[in-house]
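Data first, discussion second: the structure below is written as structure tokens.
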Amino acid sequence: DEYGCAESVSTILASLFPPFQVITGTYTLYMALKGATEFVEVSSPIRGDILISPTGFGGRGGVLNGHVGIIGDNRIVMSNNSITGLWATHYTLDSWRERYQVLGGYPVKFFRRII
């Protein structure tokens, strides 16, 4: 999981919450989170929530792929960088919305583990 954001996030979820599966695409991960009874969609994210803008629901403004990350403290978003292969804080919640929602036309969805 050196490059893929969905693979990185789902690897974390699989290690913390077996039998969650490792998933390589944001669309597939979004559908898995929507269908999982252990996760609920929320409107106001807190630390530890999953933030996802799935591929297949946008793609304008030069933003061809969706992205997924995890909410950290102070509205930062931790995610994998496909260019460097490193996990880091690349976005704030506001800069994520600007890139994926405003520019790219993607939805911004939050999921929280409830069980």
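Just for the stretch 54-71: of the residues that are of a type in the set (A, V, I, L, M) and touching a Pro at 6+ places or on another chain (Cβ under 9 Å), which one is farthest from L29 (Cα to Cα)?
Top of the filtered list is I71.
Please pick out the residue among T11, T26 that is under 13 Å from K109 (Cα atoms) and either free of Cβ contacts under 8 Å to residues at least 24 places away in the same chain or open to solvent by less than 60 Å² (accessible area, probe 1.4 Å) (or both).
T26
Say whether the condition of being part of a loop (DSSP other than H, G, I, E, B) and not β-branched (V, I, T) is met by at least one residue in the stretch 6-16.
Looking through the stretch 6-16, none of the residues is part of a loop (DSSP other than H, G, I, E, B) and not β-branched (V, I, T).
For residues that are outside any strand (DSSP E or B) and closer than 22 Å to A32 by Cα, tally how many sit in the stretch 98-115.
Matching residues across the stretch 98-115 total 8.
Take the residues in the stretch 52-102 that are touching a residue at least 60 places away in the same chain (Cβ under 8 Å) and in contact with a strand residue (DSSP E or B) (Cβ under 8 Å, 6 or more places away or on another chain); name whichever of them is surrounded by the most Cβ atoms within 10 Å (Cβ to Cβ).
The selected residue is V68.
The values are calculated or read from the model by the stated rules, or taken from the named source; none is laboratory data. Keep in mind that what you see is a predicted model, and the values were worked out from it rather than measured. Please note: Cβ atoms are built from the backbone with ideal geometry, for glycine as well, and neighbour counts cover all protein chains shown. These accessible areas exclude ligands, DNA and RNA; they are computed on the full protein's heavy atoms, side chains included. Shrake-Rupley method; radii C 1.70, N 1.55, O 1.52, S 1.80 Å.
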